[in-house]
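Written out below as structure tokens is the structure these notes cover.
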């Protein structure tokens, strides 16, 4: 298997891999005609040609016996933080399970780290169980979910994130709050937010007195919680939905 940068000559093969991959991942949940429409919209040949020629886009392809069998596409999004966005990662179903997806993601992550991003984000529809398991296996954390519209139909999309900046690999760190001094943040204790996880913050090093939360999106400690258990960062708007009652009993 060879990994190399995509070229204009690869565009037809990339479109074919995308379609076969989508059918394998979503054929059980999405109508074939809708998948065809999605391929035409998302993998337009002209747009792909522009992306291949863009120096700011990371676009590796995986080649086996001279045939493109997988690809990934990513770029750096300029927000408050530098975020690496994984737009697409597809492997032809005949070549899944051979490490190609991990190799493509590794190539993308290497390029994004070189671009000094703070974190890497990837999105996958909830119906794609293989895709969600892939990102979790690769060390990504489920950070949020949203509804997305595809050709007039609504689907649940999950967002996965991996920290690559100074929070990566840290189990605890201290932060100064605006009014209350220092807090101790436990990165192994978190709640899912709409943009990034909320990490539990303590007022002591023994983690006995809980202070509140640190927002993983902006690293702010001004996080409000109401009586319905809704949580929102007052600095960036990252939020957690209210708790829902368990209907099982």
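The values are calculated or read from the model by the stated rules, or taken from the named source; none is laboratory data. All values reported here derive from a predicted model rather than from experimental measurement. Backbone-built Cβ (ideal geometry, glycine too); neighbour counts: all protein chains shown.
Quick check on this structure: which one of 138, 145, 109 is closer than 18 Å to residue 1 by Cβ, surrounded by fewer than 18 Cβ atoms within 10 Å (Cβ to Cβ) and either outside the structural domain of residue 48 (by TED's automatic domain parsing) or touching a strand residue (DSSP E or B) at 6+ places or on another chain (Cβ under 9 Å) (or both)? Let's see the steps before the verdict.
Numbers: 145 fails: closer than 18 Å to residue 1 by Cβ; 109 fails: surrounded by fewer than 18 Cβ atoms within 10 Å (Cβ to Cβ).
Unique residue meeting the criteria: 138.
Take the residues in the stretch 205-219 that are touching a residue at least 12 places away in the same chain (Cβ under 8 Å) and assigned to a strand (DSSP E or B); name whichever of them is nearest to residue 193 (Cα to Cα). Walk me through how you get there before you give the answer.
Residues of the stretch 205-219 touching a residue at least 12 places away in the same chain (Cβ under 8 Å): 205, 207, 211-219.
Pick out the ones that are also assigned to a strand (DSSP E or B) and you get 211-215.
Details: 211: 18, 212: 14, 213: 11, 214: 11, 215: 9 Å.
Once the filter is applied, the top-ranked residue is 215.
Can you tell me how many residues within the stretch 62-80 are more than 20 Å from the chain's Cα centre (by Cα) and either exposed (fewer than 15 other Cβ atoms within 10 Å of the Cβ) or not in a strand (DSSP E or B) (or both)?
Summing the residues that are more than 20 Å from the chain's Cα centre (by Cα) and either exposed (fewer than 15 other Cβ atoms within 10 Å of the Cβ) or not in a strand (DSSP E or B) (or both) in the stretch 62-80 gives 3.
Go through the stretch 55-101 and count every residue that is farther than 20 Å from residue 140 by Cβ and free of Cβ contacts under 8 Å to residues at least 12 places away in the same chain.
The qualifying residues number 4.
Can you find, within the stretch 26-61, the residue that is surrounded by the most Cβ atoms within 10 Å (Cβ to Cβ) among those that are touching a helix residue (DSSP H, G or I) at 6+ places or on another chain (Cβ under 6 Å) and assigned to a helix (DSSP H, G or I)?
Step by step, filter the stretch 26-61, then rank; the result is 48.
Take the residues in the stretch 132-153 that are within 11 Å of the chain's Cα centre (by Cα) and not in a loop (DSSP other than H, G, I, E, B); name whichever of them is nearest to residue 32 (Cα to Cα).
Result: 132.
Residue check, residue 36 against (1) within 18 Å of the chain's Cα centre (by Cα); (2) without any contact (Cβ under 8 Å) to a residue 40 or more places away in the chain, all met but one. Which one?
Result: residue 36 passes all but (1).
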